[in-house]
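So the structure is just underneath, and the comments pick up after that.
The values are calculated or read from the model by the stated rules, or taken from the named source; none is laboratory data. What you see is a predicted model; the values in this text were computed from it and never measured. With ideal geometry, Cβ positions are generated from the backbone for all residues, glycine too; neighbour counts draw on all protein chains shown. Note: areas computed on protein heavy atoms with side chains; ligands, DNA, RNA excluded. Shrake-Rupley method; radii C 1.70, N 1.55, O 1.52, S 1.80 Å.
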Amino acid sequence: MKGSFPIESFRQLETPFYYYDTAVLRKTLAAIANQTRCNGNYRVHYAIKANANSKLLRIISSYGLGADCVSGGEIQAALEAGFPPESIVFAGVGKTDKEILLGLRNNIGCFNVESIPELEVIDQLAARLSTTARVAFRINPNVGAHTHANITTGLAENKFGIAMEDLDWVVALAEGLSHVRFVGLHFHIGSQILDMSDFVSLCNRINDLQGHLANRKTIVESINVGGGLGVEYRHPNRKPIPDLDNYFNVFHNHLKLQPHQTLHFELGRAVVAQCGSLVSRVTFVKQGSFKQFAILDAGFSDLIRPAFYQAYHKIENISSDEEKQTYDVVGPICESSDVFQKATELNKTHRGDFLVIRSAGAYGETMASCYNCRSLPMSHLSDEFHF
Ligand code: LLP
């Protein structure tokens with residue numbers, strides 16, 4: 001046992017693999033369930049894109065969360081893991097007919113519609129099945145988020161959602177269609193947001209839009225504020241559970257909900273990031289002309305966040321207690337971007353040591369690929385080991 005890692009059990013296992021600490025996951029889920037207990041009109045839908053590992057999905061659904069899906073595959077995974085169909089919301093700018101039909105046949109809770117052509121296709125397909133689809137409009141609120149440009153979604157220049165100025169006429173259009181029922185508004189401004197003032201700006205924007213719709217006598221049953229709550233990548237031990245109180249309080253204090261309205265959240269990263277670590281072995285320690293490299297058996301095919309978003313993940317050598325040295329921690333893939341971290345301090349590292357890359361539970365396993373004909377990473381849950 002080193003820190004919270006069962007290193008003796010790891011010795012029997014092939015690397016790399018994702019290790020999920022279910023105690024951390026369960027504590028996070030209990031904190032979320034507590035929020036929804038205290039606020040009866042709040043619903044949290046777990047964003048499956050963050051991690052679709054079937055064992056984790058079963059645990060998450062057992063805490064009463066709904067699911068936020070962006071593909072037919074995710075709807076299927078949610079249903080298989082026991083998420084009730086009515087708790088599923090389905091977003092995405094390019095839903096195919098096959099995916100829409102899957103959602104309609106399973107009578108999912110809501111389609112988060114991102115364009116007028118999509119609304120019309122949902123109406124036609126629902127008519128074909130003699131059913132009615134509940135739809136929310138994803139509105140692009142033109143609210144920025146202080147996060148990486150690749151994961152900012154709520155600006156007018158982004159491909160997501162319907163422009164605010166089109167809201168009136170899309171609502172009127174939906175009212176004229178017989179197989180869709182307009183139920184609400186959906187927003188999502190970005191991901192890994194730690195500055196709560198971004199969510200305050202979103203609340204203010206929603207209040208304006210709600211005021212406008214109220215004047216027009218449009219009934220809005222639900223408001224969905226998307227996901228985005230960030231986690232502390234630099235201090236996974238100090239803060240294993242995200243600041244949920246602070247986050248939910250922002251909406252409680254700033255969003256003017258009408259008495260009959262439900263408020264929906266689509267949290268992904270905040271639910272699963274801190275419970276996951278990517279565990280790898282050091283294949284070689286190599287002395288370059290200027291630097292020392294720790295070359296891992298994990299690469300960006302297993303965890304692409306550092307290469308793709310220049311994301312920071314804390315790395316620890318759990319096999320060594322020797323004095324610290326400086327390493328570039330890199331993978332084996334034939335691309336110079338296959339770097340997990342440059343000039344990082346690790347306990348003196350040797351071939352065969354276990355290095356763990358922390359806070360990798362969100363957008364790690366789901367974004368893995370087989371590039372270089374590598375195998376997809378395996379996964380193990382802490383429940384499988386005896387401590
Ligand atoms: N709802 C919608 C409509 C979304 O697009 C997303 C994430 C979420 C909810 C969940 O957001 P979260 O609570 O996880 O921030 N691969 C990137 C993150 C992409 C996020 C995409 N959308 C990363 O590794 O940072």
So the carbon and sulfur contribution to the accessible area of segment 287-357, 1.4 Å probe, in percent, is 50 percent
Share of accessible surface on carbon and sulfur in segment 1-96, whole %, 1.4 Å probe and ligands ignored, is 52 percent
The alpha-carbon center of segment 80-138 and that of segment 7-69 are separated, in whole Å, by 25 Å
For R281, the accessible surface traced by a 1.4 Å probe with all protein chains present amounts, in square angstrom to the nearest 10, to 60 Å²
One computes Rg over Rh for segment 1-136 from alpha-carbon atoms, with the Kirkwood Rh, and obtains 1.09
The answer for the net charge of residues other than D328 whose Cβ lies under 12 angstrom from its Cβ, with Lys and Arg +1 and Asp and Glu -1, is +1
The distance between the Cα centres of segment 333-386 and segment 259-323, in whole Å, is 6 Å
Rounded to the nearest whole number, the per residue volume of the convex hull around the C-alpha atoms of segment 195-257 in Å³ is 80 Å³
accessible surface per residue for the chain, probe 1.4 Å, DNA/RNA/ligands not counted, whole Å² -> 43 Å²
Note on the chain: C-alpha Rg/Rh, Kirkwood Rh, two decimals, gives 1.01
Any aspartates and glutamates whose Cα falls less than 20 Å from that of K27, other than same-chain ones fewer than 8 residues away, would be E232, D243, D245, E266, D383, E384
Heavy-atom accessible area of R216, protein chains in place, probe 1.4 angstrom, given in Å² to nearest 10, is 80 Å²
Here the net charge surrounding S301, from other residues whose Cβ is less than 15 Å away from its Cβ (Lys, Arg +1; Asp, Glu -1), is -3
Result row for the chain, helices from DSSP H with C-alpha axial extent 27 Å or more and mean Kyte hydropathy at least 1.0, is none
With every protein chain in place, the accessible area of E14 for a 1.4 Å probe, in Å² rounded to the nearest 10, comes to 130 Å²
Across A362, A50, A311, the residue with the highest GNM fluctuation in the chain (Cα network, 10 Å cutoff) is A311
